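Structure first, then comments.
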Amino acid sequence: MTSSLHSLLRKIIAKGALRLTDHTGQVEMLGDGSGPPVAIRFTDADAQEAIANDPALKLGEMYMEGRMLLEEGDIYDFLALVKANTRSEALTWKMIGLGLARMAAAQISMRLPVNHNRRNVAHHYDLSAKLFALFLDEDWQYSCAYFNPPGISLVDAQTAKKRHIAAKLLLEPAMKVLEIGSGWGGMAMYLAEAAGVDVTGITLSQEQLRVSQGRAEKRGLAGGVRFMLQDYRYLPPQKYDRIVSVGMFEHVGIGSYGTFFGKVADVLADDGVMLLHAIGRPKPSYATNPFIEKYIFPGGYIPSLGEVLPAIEKADLLVRDVEVLPLHYAYTLRHWRQRFVARKEEVLAIYDERFFRMWEFYLAGSEMAFTHEDLFIFQIQIAKSQFTVPDNRDYIAAAEEKYRAFEANRPPLEPVEF
């Protein structure tokens with residue numbers, strides 16, 4: 001075997017056990033034989049060369065197209081094996097050049113005064129609601145769960161996430177709450193029922209708007225919970241006591257952080273509190289993974305805390321608390337991936353095999369990023385006054401106990417109607 005890909009993998013795989021079968025049937029064993037075995041096979045020589053030249057994009061594409069097959073282990077096992085072995089000396093000048101070009105293009109794109117938010121959101125979130133029902137929990141939480149205590153179910157961990165966020169918001173009855181990026185309505189309904197607050201949720205997804213409005217109406221919450229198709233940039237000049245944003249900030253783009261927090265400062269009451277929950281990375285990357293950018297989340301960007309905090313400061317907002325959740329999203333993504341794969345036939349009834357592989361790769365690659373690339377979740381509590389939030393964190397546990405009591409008597413969630 002003398003292809004460029006074989007040469008590349010020989011440089012990379014020092015530990016582990018990888019069986020590589022090329023399109024002619026020739027087999028090569030790589031690694032030291034330790035750990036669970038992983039076996040891949042290629043259907044054509046062009047697929048091998050494509051990955052060797054541009055692994056960041058073409059690895060996912062070749063798997064998606066069925067030209068790279070997993071014969072032992074799954075796609076997460078393969079990605080984790082490669083990532084655990086990857087060394088900088090394996091990079092070629094072509095890979096480095098492609099990476100730099102993508103960084104430059106991403107930085108320019110994120111700073112252009114062109115608003116593609118609605119188009120980008122529709123690309124992902126306006127997929128069939130039936131798809132998301134196959135792998136999300138019963139409340140359709142499409143963001144990192146909170147596995148506290150460890151080992152709890154996905155359903156319980158998503159409830160724990162909502163409880164934890166609600167506690168940090170210091171809610172009081174009749175407060176006006178804004179949710180930026182309201183998803184399928186689960187967070188808004190939880191806050192309204194748990195704390196008796198009035199919630200306005202905004203989204204750019206027509207499908208999420210339809211589902212969330214239907215859920216709120218069916219639950220009898222339409223008077224105190226409303227959802228709107230609304231870009232945060234153009235929110236009317238109204239003040240909110242509390243603002244929450246979960247899993248939306250990754251779509252803002254680094255060039256718009258000033259706009260985002262400027263709008264938060266405009267609509268947050270002087271004694272208000274915001275809780276921002278988002279994915280972070282240990283240092284700037286300047287670009288999104290090209291496969292994720294092209295097929296999953298166009299226009300997205302995962303920031304470092306060092307890229308976020310200056311924008312908060314420039315908006316004259318105060319950071320009152322920062323919490324980092326290191327591996328909770330890895331656990332969440334594993335649950336999602338296992339649920340998704342287990343219901344493959346139902347996915348294929350909605351979309352095709354290529355789509356299934358694309359999403360399997362997305363879920364596996366995202367999980368790998370949290371287990372092997374040090375991605376994490378951050379929760380930043382923001383205020384305008386230092387006196388709005390207590391000077392200790394005891395209030396969080398106390399509020400969570402109150403919300404646990406509410407959850408014990410909360411009527412069960414109704415199934416979503418398609």
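The values are calculated or read from the model by the stated rules, or taken from the named source; none is laboratory data. Since we're looking at a predicted model, the values are computed, not measured. Backbone-built Cβ (ideal geometry, glycine too); neighbour counts: all protein chains shown. Ligands, DNA and RNA are excluded from the accessible area calculation, which covers all protein heavy atoms including side chains. Shrake-Rupley method; radii C 1.70, N 1.55, O 1.52, S 1.80 Å.
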If N is the residue count of the range 155-214, its Cα Rg over 2.2 N^0.38 Å rounds to 1.10
In whole Hz and in residue order, list the ³J(HN,Hα) couplings for the range 21-37 that follow from phi through the Karplus curve 6.51 cos²θ - 1.76 cosθ + 1.60, θ = phi - 60°; x for Gly and Pro. 10, 8, 5, 8, x, 5, 10, 9, 9, 10, x, 9, x, 7, x, x, x
From the protein chains alone at 1.4 Å, what is the descending order of accessible area for E250, E345, largest first? E345, E250
Here, N148 and E414, labelled 7 Å along Cα→Cβ, have an inter-label distance in nm of 3.3
Accessible heavy-atom area order of V38, V155, highest first, probe of 1.4 Å: V155, V38
Gained length - L69 relative to A405, 0.36 nm times residue gap less alpha-carbon distance: 116.1 nm
Positive minus negative residues near P37 (Lys, Arg vs Asp, Glu; Cβ under 11 Å): -2
Explain nothing, just the number: dipole magnitude of the range 245-326 about its Cα centre with +1 on each Lys and Arg Cβ and -1 on each Asp and Glu Cβ, in debye rounded to the nearest 20. 380
Compute a Gaussian network model of the chain, connecting alpha carbons closer than 10 Å, and tell me which residue from E323, E179, E373 fluctuates the most. E323
Over the chain: helical MRE at 222 nm, DSSP H runs n ≥ 4 each giving -39500 (n - 2.57), nearest 500: -14000 deg cm²/dmol
As a test of the definition: which semi-axes, in Å, follow for the range 323-375 when you take the square root of five times each eigenvalue of its alpha carbon gyration tensor? Largest first, please. 25, 11, 7
Connecting C-alpha atoms closer than 10 Å in a GNM of the chain, tell me which of R67, R393, R281 has the biggest fluctuation. R393
Accessible surface of W184 in the full protein assembly, 1.4 angstrom probe, to the nearest 10 Å²? 10
Summing +1 for each Lys or Arg and -1 for each Asp or Glu, what net charge is found among the other residues whose Cβ lies under 13 Å from the Cβ of W336? +1
Can you send over the carbon and sulfur percentage of the accessible area for the chain, probe radius 1.4 Å, protein chains only? 55
Which three extents, in angstrom, do the Cα atoms of the range 302-418 have along their principal axes, listed largest first? 54, 41, 26
Partner lysines whose C-alpha sits under 30 Å from that of K239, ignoring same-chain residues fewer than 8 away, are K161, K162, K168, K176, K218, K263, K314, K384, K402
If you roll a 1.4 Å probe over the heavy atoms of the protein chains, what accessible area per residue do you get for the range 158-269, in Å²? 30
Could you order E71, E307 so the one with the most accessible surface comes first? Probe is 1.4 Å. E71, E307
Whole-Å semi-axes of the range 198-339's equivalent ellipsoid (Cα gyration tensor): 25, 23, 15
Taking R0 as 35 Å, what's the FRET efficiency between E28 and A349 from their Cβ-Cβ distance, rounded to 0.05? 0.35
The simple spin-label model distance between A222 and N392, using points 7 Å out along Cα→Cβ, in nm, is 4.7
Considering only protein heavy atoms, what is the solvent-accessible area of T259 at a probe of 1.4 Å, reported in Å² to the nearest 10? 70
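Could you do me a favour and compute the accessible area per residue for the range 292-418, 1.4 Å probe, result in Å²?
Value for the range 292-418: 50 Å² per residue.
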Of the candidates A157, A56, A342, which one comes out as most mobile in a Gaussian network treatment of the chain with C-alpha springs shorter than 10 Å? A342
Starting at the first residue of the range 225-237, write each ³J(HN,Hα) from the Karplus equation 6.51 cos²θ - 1.76 cosθ + 1.60 with θ = phi - 60°, in whole Hz, x for Gly and Pro. 9, 10, 10, 9, 7, 8, 7, 4, 4, 10, 4, x, x
